[in-house]
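Student: One structure is given below, represented as structure tokens, and several questions about it will come after.
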Amino acid sequence: MGQEFRYYYQCGDYFIPDIQLSLYQHKVLGKYGRMRRVYLQEKNPILLNDLILRDQLFLYLWEIDETAHCRVEKLMTELLKRNPNPNKATHQMAWVQHMNSLKAQAEEIVLAELIYS
């Protein structure tokens with residue numbers, strides 16, 4: 001049914017399971033993973049606690065982060081096909097503005113689909 005705890009420590013009259021997180025390789029949690037963690041803390045603490053107790057929080061956040069990065073890249077290529085960018089050599093500022101606009105659109109879609117859902 002649930003996770004079986006083998007070790008407990010006594011705190012007053014209560015026995016509390018000794019929960020320890022597994023050691024993972026040093027992998028930095030990216031922007032989208034951190035945003036998802038904050039969202040879970042504020043909007044869905046039950047899921048957050050469940051992931052912590054099952055020792056799956058960091059794996060879940062890394063998966064969300066990688067998926068979000070891949071999705072942003074894919075959306076950027078699709079948006080570039082639909083909205084070709086101006087010539088970078090002659091219109092540098094227009095090119096930068098266009099690329100920033102496409103990146104903002106892609107991130108907005110990813111945030112709605114993966115992070116804030």
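The values are calculated or read from the model by the stated rules, or taken from the named source; none is laboratory data. Bear in mind that the values here come from a model prediction, so they are computed numbers and not experimental data. Virtual Cβ from ideal backbone geometry, glycine too; neighbours counted across all protein chains shown. To get the accessible areas, we keep the full protein, side chains included, count just its heavy atoms, and leave off ligands, DNA and RNA. Shrake-Rupley method; radii C 1.70, N 1.55, O 1.52, S 1.80 Å.
Student: With part of a helix (DSSP H, G or I) and open to solvent by 90 Å² or more (accessible area, probe 1.4 Å) as the only criterion, which of GLU113, GLU78, GLU108 stands out? Talk me through it step by step, then tell me what you get.
Tutor: Working: GLU113 fails: open to solvent by 90 Å² or more (accessible area, probe 1.4 Å); GLU78 fails: open to solvent by 90 Å² or more (accessible area, probe 1.4 Å).
Every option except GLU108 fails the conditions.
Student: Something else about it: I'd like the full set of residues that are open to solvent by 100 Å² or more (accessible area, probe 1.4 Å) and either modelled with pLDDT of 65 or more or part of a strand (DSSP E or B) (or both), limited to the stretch 1-26.
Tutor: Residues satisfying the conditions are ARG6, TYR7, TYR8, TYR9, GLN10, ASP13, TYR14, PHE15, GLN20, LEU23, HIS26.
Student: Filter the stretch 27-46 down to the residues that are within 16 Å of GLN56 (Cβ to Cβ), assigned to a helix (DSSP H, G or I) and among the basic types (Lys, Arg), then identify the one that is least open to solvent (accessible area, probe 1.4 Å).
Tutor: ARG36
Student: Name the pairs whose Cβ atoms lie under 7 Å apart, with the first residue in the stretch 93-112 and under 28 Å from ARG37 (Cβ atoms), the second in a helix (DSSP H, G or I) and open to solvent by 60 Å² or more (accessible area, probe 1.4 Å), and 6 or more positions between them or separate chains?
Tutor: Here the result reads VAL110/ARG71, each pair linking the stretch 93-112 to a residue that is in a helix (DSSP H, G or I) and open to solvent by 60 Å² or more (accessible area, probe 1.4 Å).
Student: List, please: which pairs have Cβ atoms under 6 Å, are six or more places apart or on different chains, and start with a residue in the stretch 44-73 that is farther than 10 Å from GLY33 by Cβ and modelled with pLDDT of 95 or more and end with one that is small (Gly, Ala, Ser) and surrounded by 12 or more Cβ atoms within 10 Å (Cβ to Cβ)?
Tutor: Close Cβ pairs (under 6 Å, with a partner that is small (Gly, Ala, Ser) and surrounded by 12 or more Cβ atoms within 10 Å (Cβ to Cβ)) amount to VAL72/ALA106.
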